[in-house]
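Take a look at the structure below.
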Amino acid sequence: GSSCLCQFPTSIRCRCCAMKLALACSVLTAPAAGSVSLYVVNKQGNQVRRCPLDSTDACVLVAGRSDASSGTAHDAVNKPEGVAVEADGTVVVADTVNHRILRCPKDNPAGCAPLQSVTGVVGSGMDQLNQPFGIALTRDGEYVIADQRNHRVQICKDTADPCVTLMGTGISGSGATQLNSPYDVAVGPDAAIYISDIMNNRIIKCTGRDSSTCSTDATFSNFFPNFMLLDPGTPGSFYVSGSSGVQKCPGGGGACTPFAGGGNDADNIAGPRGLAFSVDRSQVYIASVTYHRVVACDVAGTAGSNCNYLLGSTDQSDGNTGRDLNGPVGIMLEGGYSCTRPTTPGYVIDPSKEYLSPGVLPMGFRVEDITCADGYEANGTPTATVCSSEGPYTLSGCEPILCTRPTDAAYDFSAATENLVKPTFSVTGVSCSAGHSLDAGTTEPTITACDTAGPYTVAGCVVTTCVRPTLSSVDFSAVDEDLNAPAFKADGLTCASGYTGTPTATVCASHQGAYTVTGCDPIMCTRPSTAGFEFSAAAETSLAMPTFDVTGVTCQPGYAAAEAGVTVTACTAAGEYTVAGCTEFSCTRPTDTTGYDLTGATENLVAHSFEVTGVTCAPLYAAAGEITATVCSEAGDYTLAGCAAIECTRPADVAGYNFTNAAEVLTAPDFAVTGLACASGYEGTPEATGCDAAGPYAVSGCTPILCTRPENEAFDFSGVVETSLRAPDFEVSGIACAETFTAPTGITTEPCTVAGPYTVAGCVTDTAACVRPSTAGYVFDGATEELTIVTFAVSGVTCAPQYTGTPTVTSCNGDQEAYTVSGCEPEMCTRPEVEGVDFSTAVELSLALPTFEVTGVTCAAKYTGTPTVTGCSGDGEAYTVSGCEPE
């Protein structure tokens, strides 16, 4: 029948029907969002398991071992009781007989670790527990623990800090601060902590963090309360399991009423323990430790017949695999939906007092201490209403404040534009009424919204009163004034010294504004035409006599300023101002006329009419444009310009000459060339002769070297062709080896370096042999050498330490000559980047490791010491500098 259409595997469903058990299947409400699971503590199976409620999948092991064995290792538990789940999914387990609290990553029993503040060693110290049972979490991340055998409740953190005691003395008792075997704890949305004091048959509620805040919230007779479930839908009420079923309590000392279970195993519950809500809180899940099952009981049902099978055994048998249970105690729901904060304007929400999971967390949905935002006022109490599915909750109780227009005769509202709703309040167009004006420092009336329903505020308009102006152009010494606007007068005004005209006064336009006076104009000066003065850069800031200000007047060319400079004085009546301080002077002929010929020059040396003509350039100098004479700026030499020394250039045809070390001074008057040498293949004494006009200088003295044929019995010159015996273009061919001589590597010729025989090599006897070279950078210790030239072979030569590369060996050309090696180069260091070291005076004589030498390194500013420089450890690496420390 329909009672067997459960969300369980076929084998269980068929067994249920075959046994005809009177167990109706629970009607599960589909979760609004996400997956829904129930964490179940299998006390007898030494496990904590997560059992999916929205599928028929097997339960997943969360803590403990799959073989149900107990132990003290972190992957084992021993008769656990309570369970809680942190916000990130970490599962918290009261490992009762191991006297510890375990934190386990979701579905990862191997990752469990004990709470840091508890040692796991049984005892009554602040870091010890004695069979912890119930556990709950605070919103601040604390762990509230029912420390049963120590008859106390502890509050702990996952740190090395010791736990603190909320209630209990460590000795069982029923006094105001005592507990007797506390079983479970729960934390309400208001942070209150509830304690099931099992052996005292009572529920304790603590509103603070010490026993002085604790009081009895419910009492029982031989009920022996154990696990609790707070009802977020009715703050302060809760469900509690006990020896005779499950009761619902209103809290605050009110009488509890039966909810499920009771005598004769009503509702198929025996040994009720852990409690949890369904996602929509329409059902309470109850763990039956005796029947190894969890049942779902309708909140709106009738006690004794409102519970149906949900999970675990259908025939009271235990199990530790699949969806079977073994002595279930603590349970905890995970999953469901959460509300979100709405965007409704007018409300202020404190996130720390907002609990948005209506169907899952023990705290459930609750938003506390809602206030109205600025511009809104409460109409009753601001209230939050839970969402019915995933989405925003609803806010009510705050309404916009509405202002009204004030009545004030000082203001004109005829052109006003008003938006009187407080959150968007805006009023413009208010002005001062007739007879009123804006107060001093105010540009427009100030309008302020009301704080509560009523008139808004307007300020800034006052009865108009004038003040006397501050004017340097007017003399107020004999004035007769009335400063109130309607009767305003200012008689007896005259113009001040330096001004002329008839003054007239006009009433002010705003309150505390100065009245105006017009008609007094300053007496004006004019620029003079005095000879010797330059006005082109003058700044005539003010030509008015009272504020006269003229700067920047200078002396004209040919005039010198006095030591005190040019002075400017204002006029004493309308007319020219006065200038003084410029005197005529004359120039003199320059004492240094190098490059110039003044033999035919004509000179007028008076500075302001200065003229010099007839100047020409001296020998070895040439005019670069026009030759000019520039007047002196003060008594002294005038300046000549336009003649420059002729510049020679290096000749284009330099065959036979070596300019590598040449130092050239190419200006014709000072011409000199040193360090010039004959090029390779030339001989003689080179000379350089300067130019007479801009162009190349001349070189001479080097002639080609002429070689002669050598005499050498090893060679046969009978077929020789000596195309050129000049060293620069030396070319000889056709030489052969004489009888009994051979050329294993070929015959070579080299031109002579001085007049004489050229060099010929390569013909040797069969016994001719090379010798080992002494070239630095090579290691010959492991070399294999066949030194006879005709059979020459050398291998095994390597690069010496501090050298790098691939050695290459080349045979010699003559008997007892050294063969050649190449390819090994010194390893090179680079300059380091070192803080505190100054390389500005450093001399890096050699950066090659074999001959490394660096001097002149110093400590940088704000560092002290003696720097020591050490070569690098390998090619391309930086050398090291040490010894400089911060001051």
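Quick check: with the 1.4 Å probe, what order do Ser35, Ser510, Ser221 take by accessible area, largest first?
Details: Ser35 75, Ser510 50, Ser221 100 Å².
Correct descending sequence by accessible area is Ser221, Ser35, Ser510.
Only bridges with both residues in segment 737-850 count here: give the DSSP antiparallel percent, nearest 5.
Details: 17 of 18 bridges.
Here the antiparallel bridges make up roughly 95 percent for segment 737-850.
How large is the dipole of segment 381-522 about the Cα centre if only Lys and Arg carry +1 and Asp and Glu carry -1, each at its Cβ, rounded to the nearest 20 debye? Could you put the intermediate results ahead of the total?
On the way: 4 positive and 14 negative charges, 33 e Å.
Value, rounded to 20: 160 debye.
How do Met199, Met545 stack up against each other in accessible area, from largest to smallest, with a 1.4 angstrom probe?
Values: Met199 95, Met545 50 Å².
I get Met199, Met545, largest accessible area first.
Short version: ³J(HN,Hα) in whole Hz for each residue of segment 561-571, in order, from phi by Karplus 6.51 cos²θ - 1.76 cosθ + 1.60 (θ = phi - 60°), x for Gly and Pro, what are they?
Result, ordered by residue: 7, 5, 4, 7, x, 7, 10, 10, 10, 5, 6 Hz.
Net charge within 10 Å of Phe671 by Cβ-Cβ distance, Lys/Arg positive one each and Asp/Glu negative one each, not counting Phe671 itself? Walk me through the numbers before you get to the answer.
Details: positive: none; negative: Glu647, Glu664, Asp670.
Neighbour charge sum, excluding Phe671 itself: -3.
Using the Karplus equation 6.51 cos²θ - 1.76 cosθ + 1.60 (θ = phi - 60°), what ³J(HN,Hα) coupling, rounded to whole Hz, does each residue of segment 188-200 give in order, writing x for Gly and Pro?
After applying 6.51 cos²θ - 1.76 cosθ + 1.60, I find x, x, 8, 6, 5, 10, 9, 10, 8, 8, 4, 7, 9 Hz.
Given the -39500 (n - 2.57) contribution per DSSP H run of 4+ residues, what per-residue ellipticity at 222 nm results for the chain, rounded to the nearest 500 deg cm²/dmol?
Taken over the chain, the calculation gives -500 deg cm²/dmol.
Which residues' amide hydrogens lie under 5 Å from the amide hydrogen of Val299, considering only partners 5 or more residues apart or on another chain, with H built in the peptide plane?
Gln283, Val284
Counting only protein heavy atoms and using a 1.4 Å probe, what share of the accessible area of the chain belongs to carbon plus sulfur, as a whole percent?
Details: 21140 of 42380 Å².
Using a 1.4 Å probe with all protein chains present, the chain comes out at 50 percent carbon and sulfur.
If I take every Cα pair under 8 Å that is 6 or more residues apart in segment 618-673, average their sequence separation and divide by the length, what percent do I get for the relative contact order?
Numbers: 61 pairs, mean separation 17.4, N = 56.
In percent, rounded to a whole number, it is 31.
How much length, in nm to one decimal, is gained on full extension between Ala672 and Ala641, taken as 0.36 nm per residue of separation minus their Cα-Cα distance?
On the way: separation 31, 0.36 × 31 = 11.16 nm, distance 2.52 nm.
So the chain would gain 8.6 nm between Ala672 and Ala641.
Can you compute the modelled spin-label distance between Lys157 and Asn604, with each label point 7 Å from Cα toward Cβ, in nm?
About 10.1 nm separates the two model spin labels.
How many nm separate the modelled label positions at Asn222 and Thr119, each set 7 Å beyond the Cα in the direction of the Cβ?
Calculated label separation equals 4.2 nm.
Can you tell me, using C-alpha contacts under 8 Å and at least 6 residues apart, the relative contact order of segment 502-628 as a whole percent? Let's see the in-between values first.
On the way: 215 pairs, mean separation 21.7, N = 127.
With pairs under 8 Å counted, the relative contact order is 17 percent.
Once both labels are modelled 7 Å past Cα along the beta-carbon direction, what's the Glu750-Asn661 spacing in nm?
So the two model labels end up 2.0 nm from each other.
Could you check what % of the DSSP bridge pairs in segment 650-799 are antiparallel, to the nearest 5? Provide the component values of the computation, followed by the final result.
Details: 27 of 29 bridges.
Expressed as a percentage, antiparallel bridges in segment 650-799 total about 95.
Considering only Ala768, Thr649, Gly123, whose Cα is most displaced toward the positive end of the charge dipole of the chain, charges sitting on Cβ of Lys, Arg (+1) and Asp, Glu (-1)?
Ranked along the dipole, the leading option is Gly123.
Of the listed values (i) 471; (ii) 284; (iii) 210, identify the label whose number matches volume of the Cα convex hull per residue in Å³ calculated from this model.
(i)
Around Cys582, with a cut-off of 13 angstrom between Cβ atoms, what is the net charge of the other residues, counting Lys and Arg +1 and Asp and Glu -1? Show your work: numbers first, answer last.
Details: positive: none; negative: Glu534, Glu563, Glu584, Glu634.
Local net charge: -4.
Report the charge-dipole magnitude of the chain in Debye, nearest 20, computed about the Cα centre from +1 at each Lys and Arg Cβ and -1 at each Asp and Glu Cβ.
Working: 38 positive and 94 negative charges, 1468 e Å.
Here the size comes out at about 7060 debye.
Give me the net charge of Leu38's neighbourhood, meaning all other residues with Cβ under 15 Å from the Cβ of Leu38; Lys, Arg count +1, Asp, Glu -1. Spell out each step's value before the answer.
Numbers: positive: Arg49, Arg50, Lys106, Arg273, Arg281, Arg293, Arg323; negative: Asp54, Asp57, Asp107, Asp280, Asp324, Glu334.
Cβ neighbours under 15 Å give a net charge of +1.
Let's test the formula: R0 of 51 Å, r as the Cβ-Cβ distance of Ala300 and Thr404. What FRET efficiency results, to the nearest 0.05? Don't skip to the end; give the middle numbers.
Working: r = 51 Å, r/R0 = 1.00.
For Ala300 and Thr404, the calculated efficiency is 0.50.
Could you state the number of Å between the C-alpha centres of segment 488-519 and segment 231-258?
Cα centroid of segment 231-258 versus Cα centroid of segment 488-519: 91 Å apart.
Return the long-range amide H neighbours of Asp475 (sequence gap of 5 or more, or a different chain), with a cut-off of under 5 Å between placed amide H atoms.
Thr494, Cys495, Ala496
Could you give the length gained on full extension between Ala378 and Asp140, defined as 0.36 nm per residue of separation minus the Cα-Cα distance, in nm?
Values: separation 238, 0.36 × 238 = 85.68 nm, distance 3.07 nm.
Taking 0.36 nm per residue and subtracting the Cα distance, the gain is 82.6 nm.
Evaluate the relative contact order of the chain (contact order divided by residue number), counting alpha-carbon pairs under 8 angstrom at least 6 apart; express in whole percent.
Details: 2284 pairs, mean separation 37.7, N = 887.
About 4 percent, as a whole number.
When the chain is fully extended, how far beyond the present Cα-Cα distance does Val771 get from Thr791, taking 0.36 nm per residue of separation? Write down the numbers at each step before the final one.
Working: separation 20, 0.36 × 20 = 7.20 nm, distance 1.36 nm.
Taking Val771 through Thr791 to full extension adds about 5.8 nm, to one decimal.
Would you mind getting me the FRET efficiency between Gln316 and Ser55? Use the beta-carbon distance for r and R0 = 25 Å, nearest 0.05. Intermediate results must be reported in sequence, preceding the final value.
Details: r = 25 Å, r/R0 = 0.99.
The value I calculate is 0.50.
What does the charge dipole of segment 381-451 about its Cα centre add up to, to the nearest 20 debye, if the Cβ of each Lys and Arg holds +1 and the Cβ of each Asp and Glu holds -1?
Details: 2 positive and 8 negative charges, 22 e Å.
Using Cβ point charges on Lys, Arg, Asp and Glu, segment 381-451 gives about 100 debye.
Got a sec to turn the phi values of segment 642-655 into Karplus ³J(HN,Hα) couplings, 6.51 cos²θ - 1.76 cosθ + 1.60 with θ = phi - 60°, whole Hz, x for Gly and Pro?
Those phi angles translate into x, 9, 10, 4, 5, 9, 7, 10, 5, x, 6, 9, 10, 4 Hz.
Can you give me the solvent accessible area of Thr464 with a 1.4 Å probe, rounded to the nearest 10 Å²?
Approximately 20 Å² of Thr464 is accessible to the 1.4 Å probe.
Using a 1.4 angstrom probe with every protein chain in place, what is the largest-first accessible-area order of Leu179, Leu605, Leu845?
Details: Leu179 0, Leu605 50, Leu845 105 Å².
Ranked list, largest accessible area first: Leu845, Leu605, Leu179.
Would you work out which of Val421, Gly565, Gly82 lies farthest towards the positive end of the dipole of the chain? Charges go on Cβ: Lys and Arg +1, Asp and Glu -1.
Gly82
Provide the per residue accessible area, probe 1.4 Å, for segment 252-329, rounded to a whole number of square angstrom. Intermediate values should be presented prior to the final figure.
Values: 2540 Å² over 78 residues.
Per-residue value: 33 Å².
Keeping to pairs on different chains or 8 or more places apart, tell me how many lysine pairs in the chain have Cα atoms under 22 Å apart.
On the way: Lys43/Lys79; Lys43/Lys106; Lys79/Lys106; Lys106/Lys157; Lys157/Lys205; Lys157/Lys353; Lys205/Lys248; Lys205/Lys353.
Value for the chain: 8.
If you fit an axis through the alpha-carbon atoms of helix 10-19 and take the longest principal axis of the Cα set of the chain, what angle between them do you get, 0 to 90°, nearest 10?
So the inclination is approximately 10 degrees.
Can you give me the long-range amide H partners of Leu311? Hydrogens built in the peptide plane at 1.01 Å from N, cutoff under 5 Å, separation of 5 or more residues or another chain.
Hits under the 5 Å cutoff: Val294.
The values are calculated or read from the model by the stated rules, or taken from the named source; none is laboratory data. The structure presented is a predicted model; accordingly, all values stated were derived computationally and were not measured. A quick note on method: Cβ atoms are made from the backbone with ideal geometry, for glycine too, and the neighbour counts reach across all protein chains shown. Ligands, DNA and RNA are excluded from the accessible area calculation, which covers all protein heavy atoms including side chains. Shrake-Rupley method; radii C 1.70, N 1.55, O 1.52, S 1.80 Å.
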